[in-house]
């Protein structure tokens, strides 16, 4: 089973591997400034949802690193949001593999850009920061198929 510590490990590995963004666990469990949200579901023998919520600053840093562009040339509501959605896809894929997805029939949905919601914090939660900018990752496993 994946706990908070393992989720944070998977998130930090994905950030380093994908975008050369180095993140560390954040002291605050409810950071301020969250403006961007991406979510993705997975279904099959197990199902659930992965929600990534970030500040504009984090989204800009992520997009800049992924695209190899200056942050000045990137918009948080466009490239930043799309980069966060791609990171949701990557992190969810890592979680699915960690729960045995290579041996089970589990399908990832497409990542979606969403609006922040107070319910986004329900589940196993990991809060990290890079350069003082927060990323909150919430994993909500919902069921095992009978």
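A short reminder: the numbers here are calculations on the coordinates, not readings from a lab. The shown structure was predicted, so the numbers you read here are calculated from the model rather than taken from an experiment.
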Report, to the nearest 10°, how far helix 81-98 tilts away from the longest principal axis of the Cα atoms in the chain, using its own Cα long axis and a range of 0 to 90°.
-> 30 degrees
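Working from the alpha-carbon coordinates of the stretch 4-144, get Rg over Rh, Rh being the Kirkwood radius. Display every interim value, and only then the final one.
On the way: Rg = 14.1 Å, Rh = 14.8 Å.
That ratio is 0.95, to two decimals.
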Given a cut-off of under 8 Å on Cα pairs at least six residues apart, what relative contact order in percent is computed for the chain?
-> 37 percent
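Between residue 28 and residue 9, what length in nm is gained on full extension when 0.36 nm per residue of separation is reduced by their alpha carbon distance? Intermediate values should be presented prior to the final figure.
Details: separation 19, 0.36 × 19 = 6.84 nm, distance 1.74 nm.
Here the segment from residue 28 to residue 9 would lengthen by 5.1 nm.
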